[in-house]
Amino acid sequence: MSNQILHILPYPNKVRFTESSVLSKTLDADSVPAKIDSALPKEGYRLTITPQGTEILAGDDAGAFYARQSLRQLCGSGTEVPCCVIEDAPRFPHRGFMLDVARHMTTIENIKRLADAIALMKMNVLHWHLTDDQGWRVPVEKYPRLIEIGSKRQGSYFGQQKDGTPYGGYYTHDELREIVAYCAERHITVIPELDVPGHTTCAIAAYPDLSCRQEQIEVGTKQGVYKDILCVGRDKVMQFVYDVLEEFCGIFPGEYFHIGGDEAPKKRWKECPQCQQRMKDEGLDTEQQLQGRFNKQIAEFLAKRGKKTIVWNEGLYSGQMGSEVIAQRWFDPGRFAIRFANKGGNVIMSDDRFSYLDYTYGRLPLKKAYRYNPLRAGLNKRGKANIIGVEAPAWTEQIRNFDRMCYQTFPRLCAVAENGWSQRKDYKGFLVRLGDFVPQLRALGITPAKADAWNPNAKRRAQEMVEQAKWFI
Ligand code: ACM
Ligand code: ZN
């Protein structure tokens, strides 16, 4: 009995096996009664399976949903389900997947498949990266050229190889709302991202007067960091950002809004009379502080609409941001996010070396993704308590279709899901449970990478690191 496991991924936090088992076909997850007991933790549940019957006690509706998800997985993994009592609740409140549709889009049907898969793994956030240098994907009534011009590019680069096929597209507001509703039914919050002031080449291509140099540029085709960013010295740029946020807020009702803030080189701001004047007027010494002021203004705007702002860790570089924002750590050699958490700020952990799903398996083997400890060195007790979760981004410069998306994302996202939910880790047990989980992903129309790709040998890893380093401009 002692080495008995339940075929549930992520693994539940407390399991007590009791006598005997029941036939899977006699269990129907949807018709098991559920009662809410608010003494149980948020998103938590107690699932009791006995030969006499099965019942669910849950802390809230999400908890009842997760109890059913556990039951679905148990029934999907064999003809018999062991009798047991599961007492379960997530380790972190934020368990996310980030989908970049700016570089490459995927269909609404495919996004629903991804939502089904992340819900099965008890993840509760779909962070939707909707704008970037290579494309703008949401119509905004006051700025039609964002779609007419900004959603189209002349080609793409895959690694160093140019593909001259024009690329473009966008989602209608109805489609975006359809995904929000589909996710809500699965207890997934959609967090939209408007990435500003950097990664805005597509917006500047549509409206050159949003930039410092006011020059016509093209929507980006290459991967990397572009120098032209929004000119925050101009009032019309603030108005543009507010108008776009207002329209996005009408589509995405969730409590959180991501405003990017990553990789915004300051070269243009240093040379721009308007940006320099703005710094003088506001008594700001550095361009970083100018970005800090910009972030603060946006966070205030969103707070008035009942929303909490999330920024990538570069948003902390000015040193001006307090707990009005949540930081998302991705690449942070200065440890700004760690210090932010230690001082009381909430942080989402997406360390690129452990969570970036666009990286090859050589760069990020499955085992490494699984072993990642988000409560990393440098966090004090307070800091650890301020880590609100984990999130894995699927950046799509190199992911041009849904098959590739599934290959890159699964099963590494399963490791992230377990990291976000379960207190204990057991890589061997995880692999055993993956064996049952993969057919359930396939049933959703998702084909994960095959097992021989998950953990490449050292030689292959070294080759892939060298290859991938050449992709950036
Ligand atoms: C990022 O990868 N630029 C957040
Ligand atoms: Zn400027």
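Tabulated values for the structure
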| quantity | calculated |
| --- | --- |
| Sorted largest first, extent of segment 1-151 alpha carbons per principal axis (Å) | 65, 33, 28 |
| For segment 316-473: rounded, prolate or oblate by the Cα gyration tensor [a/c cutoff 1.5] | prolate |
| Residue-averaged [θ]222 nm for the chain, counting only DSSP H segments that reach four residues, each worth -39500 (n - 2.57) | -10500 deg cm²/dmol |
| Scattering curve values for segment 230-350, log₁₀ I(q)/I(0), Debye with Cα scatterers, q = 0.16, 0.17 Å⁻¹ | -0.78, -0.87 |
| Between segment 118-142 and segment 1-79, the alpha-carbon center distance in angstrom | 32 Å |
| Hypothetical label at Ala385: residues of segment 84-98 whose amide nitrogen lies under 15 Å (7 Å Cα-Cβ projection) | none |
| Principal axis box of segment 118-269, alpha-carbon based, largest edge first, Å | 45, 40, 26 |
| Rough spin-label spacing in nm, given labels placed 7 Å along Cα→Cβ, for Arg335 and Ala453 | 3.7 nm |
| Solvent-free Debye scattering, log10 I(q)/I(0), computed from the Cα coordinates of the chain at q = 0.06, 0.10 Å⁻¹ | -0.27, -0.75 |
| Listed residues Pro12, Gly135, Ser211: farthest to the positive end of the dipole of the chain (Cβ charges) | Pro12 |
| Leading residue at positive end of dipole, the chain (Cβ point charges), from Gly362, Tyr317, Gly261 | Gly362 |
| Violating pairs (Cα-Cα greater than 26 angstrom) within the set Lys236/Lys343; Lys112/Lys450; Lys280/Lys308; Lys425/Lys450 | Lys236/Lys343; Lys280/Lys308 |
| Under 14 Å from the Cα of Lys266 - aspartates and glutamates, other chains or at least 8 residues apart | Asp228, Asp285, Glu287, Glu314 |
| Descending principal axes extents, segment 178-220, alpha-carbon based, whole Å | 45, 16, 15 |
| DSSP bridge pairs, the chain: antiparallel proportion in percent, nearest 5 | 45 percent |
| Distance between segment 310-348 and segment 182-223 - C-alpha centres, whole angstrom | 22 Å |
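Read-outs throughout are calculated quantities, based only on the coordinates presented, and are distinct from any laboratory measurement. What you see is a predicted model, and the numbers here were worked out from it, not measured in a lab. Counting neighbours? That spans all protein chains shown, and the Cβs are built from the backbone with ideal geometry, glycine included.
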